[in-house]
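The values are calculated or read from the model by the stated rules, or taken from the named source; none is laboratory data. As the structure is a computational prediction, the values presented were derived from the model and not from experiment. Please note: Cβ atoms are built from the backbone with ideal geometry, for glycine as well, and neighbour counts cover all protein chains shown. The area values use the complete protein model at the heavy-atom level, side chains included, leaving out ligands, DNA and RNA. Shrake-Rupley method; radii C 1.70, N 1.55, O 1.52, S 1.80 Å.
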Amino acid sequence: VIDNKGKGKSGYNVGFYGKLDLGPIYIRPELVYTKTTSEYELNLQTSDYKLSKLDAPVLVGLKVIGPLNVFAGPAFQYVLDNNFDRLKYESIKNDFTVGLNIGASIELGKLGFDIRYERGLSKNEVEFKEQIIGGTMPTYRLDSRPEQIIFSLSYRLSDKKQ
């Protein structure tokens with residue numbers, strides 16, 4: 001928001017994935033429900049921006065050494081709901097956007113741990129006006145596709161076939 005980048009407060013994701021092994025390379029499509037909250041300070045008051053969305057990353061991975069993998073790929077996002085406390089806002093420009101995921105994972109049996117960086121490939125802004133009693137309503141813009149660091153824990157339901 002202008003010079004105020006906001007700060008992440010909390011978030012979670014839950015979803016499903018499939019994995020197609022092609023030797024040392026694999027393809028991993030995912031379907032994930034994500035909910036995040038960011039905090040912004042305007043006129044010495046804080047407001048929370050809450051966003052819920054469906055993410056569909058399509059990752060291409062490479063098995064590096066043993067349980068270590070690296071991956072990257074596009075992430076398709078569909079916004080389900082966005083809410084900014086105390087502020088009037090218009091809906092975001094696009095409910096559907098494309099981003100990029102890049103990261104690394106470790107697979108230990110049926111458990112998997114990964115860390116990834118997510119970034120939108122284009123801005124998807126929401127416009128809002130701050131409510132000021134007896135005053136003007138300044139207009140601000142906020143990108144609904146922020147940069148994120150995501151930590152994930154996964155559990156594979158099927159038996160791995162060698």
Item checked: Candidate set: segment 56-78, residues that are within 27 Å of S10 (Cβ to Cβ) and touching a Leu at 6+ places or on another chain (Cβ under 6 Å); chosen: the one surrounded by the most Cβ atoms within 10 Å (Cβ to Cβ) -> F71
Next item on the list: Could you list, in sequence order, all residues of segment 34-55 that are open to solvent by 70 Å² or more (accessible area, probe 1.4 Å), under 20 Å from Q148 (Cα atoms) and not basic (K, R)?
Entry: E41
Item checked: Residue list for segment 13-62, restricted to those being among the basic types (K, R) and at pLDDT 95 or above -> R28
Checklist line | Residues of segment 1-12 that turn out to be among the hydrophobic types (A, V, I, L, M, F, W, C) and either at pLDDT 75 or above or open to solvent by 40 Å² or more (accessible area, probe 1.4 Å) (or both), as a count | finding: 1
Next item on the list: Please specify each residue of segment 86-100 satisfying the condition of being of a type in the set (G, A, S) and modelled with pLDDT of 85 or more.
Entry: G99
Note to self: Pairs please, first residue from segment 57-79 and outside any strand (DSSP E or B), second anywhere and open to solvent by less than 60 Å² (accessible area, probe 1.4 Å), Cβ atoms under 6 Å, 6+ apart in sequence or on different chains.
What the structure shows: P67/E107
Checklist line | Near pairs, Cβ below 7 angstrom, 6+ apart or cross-chain, from segment 85-106 (under 14 Å from L51 (Cβ atoms)) to any residue that is modelled with pLDDT of 85 or more and part of a loop (DSSP other than H, G, I, E, B) | finding: none
Next item on the list: Just name the residue that is modelled with the lowest pLDDT out of those in segment 101-128 that are open to solvent by 20 Å² or more (accessible area, probe 1.4 Å), farther than 22 Å from G18 by Cβ and touching a Leu at 6+ places or on another chain (Cβ under 7 Å).
Entry: E125
